Structure formats: structure tokens, C-alpha cells
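Below you'll find the structure, written out as C-alpha cells, and then a few comments.
The values are calculated or read from the model by the stated rules, or taken from the named source; none is laboratory data. Given the structure is predicted, the values throughout are model-derived calculations rather than measurements. Glycine gets a Cβ as well: all are built from the backbone with ideal geometry, and neighbour counts include every protein chain shown.
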Amino acid sequence: MAYTTDGEQGDEDPELLELRRRKLQEMMNSMSDNGSDNSDWPAAPVEITDDNIEELSTKYPNLVVDCWAEWCGPCRMLGPTIEELATELQGKVVFGKLNTDHNRKLPRQYGIMSIPTILYFKAGEVVGKTVGALPKEYILEAMEQAYGELN
């Protein structure tokens, strides 16, 4: 005899009941995660340094890091796009800016030879990289490849 989710006897298949229980638990977990973990995510790019990258890439599972320098014209062109995306995708992705003139360790560690370079971190690991002052659509495509669907 099978039991329903409230403990009553029923005629439903035990496998089906187990699937329903798991799905309900997943939905409850995702709702609680979205409500609490992402509410404090910044809506503007955060400053990334050699010292805080590990902490931030662990804290925020989806982290996009714009590697730039003040003297770089294409970097300055990309800046407004990064700020716009940070606002639009708040709660889903955190954006950061790494000044390569002030932070030498990370550019060496990740083989950054040209700027602007964007690094896509997922759960603390680099899962993608783009180079150049790309249009917003290209950055969104790279994010989709790195993180899957963001909506």
C-alpha cells in the first residue's frame, strides 16, 4: 500500500510519491536560496584584488571579472556595459573590476596577455574567458555558456 505525502494511505505509486517529495524539496530549497543568498548581491561592480578574489569567487557562485587598466581605451569603452549588466543581472551574477596595474598576481595566474579580458568564475573556478571590448550581446552569450540560462 502506498502513502500520500501527508501520511494517508493512497493508491499512488511509491516511486511517483518519492519523485514528488524530491521535487517539492528542490523547489523549497531554490526559493529559500533565491530569497536570502542573493538579496545582498551588489548591483554595481565590486573591486577585485589579488587578495579578495578567492573570497568573492566563493561567496558569489557566478562572478564576472573585468580585467582593465586606466590607460586602456577599450577598457574604458567596456566599463559602462559592465555597469549596466551588473544592474540588470543583480541577484544572478556579480560583476567585479580588477585593475591589472595594481594587481599583478591574478593576470599572471590566469594568463592575461591583453586587456580588457573578462574572466567568468563559477563556484570559484574560471569556466570562461573573453578578450576585447565586446558588445553586450557577446558578453551575454559568453555568460550563458559559462553559467547556463540566467532567467
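List of remarks:
- The range 128-146: number of residues that are more than 13 Å from the chain's Cα centre (by Cα) and touching a residue at least 40 places away in the same chain (Cβ under 8 Å): 5
- Residue check for A43: among the hydrophobic types (A, V, I, L, M, F, W, C) and at pLDDT 95 or above: no
- Comparison of K97, K129 shows that the only residue that is of a type in the set (D, E, K, R) and in contact with a Pro (Cβ under 7 Å, 6 or more places away or on another chain) is K97.
- Where S57 falls short, out of the listed (1) in contact with a strand residue (DSSP E or B) (Cβ under 6 Å, 6 or more places away or on another chain); (2) without any contact (Cβ under 8 Å) to a residue 60 or more places away in the chain; (3) among the polar types (S, T, N, Q): (2)
- Residue tally, condition in contact with a Leu (Cβ under 9 Å, 6 or more places away or on another chain) and under 21 Å from E144 (Cβ atoms), over the range 46-62: 2
- Residues of the range 42-53 satisfying the condition of being more than 15 Å from Q90 (Cβ to Cβ) and within 14 Å of the chain's Cα centre (by Cα): I53
- Qualifying residue in the range 133-144 (condition: over 12 Å from D66 (Cβ atoms), in the same structural domain as L56 (by TED's automatic domain parsing) and surrounded by 19 or more Cβ atoms within 10 Å (Cβ to Cβ)): yes
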